[in-house]
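Undergrad: Before anything else, here's the structure in question.
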Amino acid sequence: MDVVLTHRGRPVTAADVATIRALIAAHPAASRRQLSTLVCEAWAWRQANGALRAMVCRSLMLALARAGHVTLPAPRHRPPNNVVARRVPRPGARDRTPLRTRLEALGPLAIRQVRRTPEEGLCDELIAAHHYLGYARPVGEHLKYVVWAGARPLACLAWSSAPRHLAPRDRFIGWSAAARRRNLRYLAYNTRFLILPWVEVPHLASHLLGRIARSIAADWGAAYGHPVYYLETFVDPTRYRGTCYRAANWLWLGRTTGRGKDDQTHRANRSIKEVLGYPLTPRFRARLAAA
């Protein structure tokens, strides 16, 4: 197999390049967006929910064009670059009255999945204003939750697609490289967990992690057409001990190398994080390592 490059874990062969060139030649008036649809249809390249992987296909074609393998038509329009000029949500007026009480005294808590709802902006705003890492626009599949006690928001949780390579997790699951590429979509990564700074309720954080673990597989299935079988997160040990995760029965799996996903020097260039995981089903290994 003559592989010309690998894009997001997908090897692109000379035959794939020939297919793209043929489609470009056969549709000279097509835009890049239209070509990505044609390529996805030719490859039967779809997400688990049946939607074409058109956005990923466009980035793949752009990588091929930059490497000189194909010549793409000129872009029809140039949308704003959200990586360079990202709109950070602006904080609004919130009730910051200190809330110090027992978990039982809060009454019923509402945990709402707010992705693609009018409350998504509130989640982004609170994370931008109060999480030490700030707001980062998610890439790939992701869900967001806001936790309410009556009319007051208490917490936010954000989940996204899992990192492709994570040695402690990969050893724990015991899957092959091929199984990891195929089944990575069945993992969810907790990118942000925020208890609002004026909320002081013992055991609230671990309680919320337990509640989310019981619903996130179904929520993911409703949004993307497939469940998740395993959750993971990073904890910065210079700031936190990960106590709420451990109290919610998450497992400590090891530490990162501190090199990041795009490392070229094989030297640590960021803080080393602790890796924690939480299987959602006793059969997670069988499902994730399946051929």
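FYI, it's all coordinate maths here, none of it is from the lab. Just so it is clear, the structure is predicted and the values come from calculations on it, not from any experiment. Note that we place each Cβ from the backbone using ideal geometry, even for glycine, and neighbour counts take in every protein chain shown.
Undergrad: Rounded, prolate or oblate for segment 3-66? Axes are the square roots of the Cα gyration tensor eigenvalues, ordered a ≥ b ≥ c, and the cut-off for rounded is a/c under 1.5.
TA: Cα axes put segment 3-66 in the oblate bin.
Undergrad: Order by neighbour count: LEU52, LEU60, fewest other Cβ atoms within 10 Å first, most last.
TA: Final ranking by Cβ density, sparse to dense: LEU52, LEU60.
Undergrad: At HIS226 and ALA177, where each label point lies 7 Å from the Cα along Cα→Cβ, what is the point-to-point distance in nanometres?
TA: 2.0
Undergrad: Can you figure out the FRET efficiency of ALA105 with TRP45, using R₀ = 45 Å and their beta-carbon distance, to the nearest 0.05?
TA: In this case the efficiency is close to 0.30.
Undergrad: With just the Cα atoms defining each centre, how far is segment 108-160 from segment 163-183? Give it in Å.
TA: Segment 108-160 and segment 163-183 have Cα centres spaced 28 Å from each other.
Undergrad: Between the helical axis of 54-66 and the dominant principal axis of the chain, each derived from Cα atoms, what acute angle in degrees is found, rounded to the nearest 10?
TA: Value to nearest ten degrees: 50.
Undergrad: A further question on this structure: Nothing charged except the Cβ atoms of Lys and Arg (+1) and of Asp and Glu (-1): what's the magnitude of the dipole of the chain about its Cα centre? Round to the nearest 20 debye.
TA: 280
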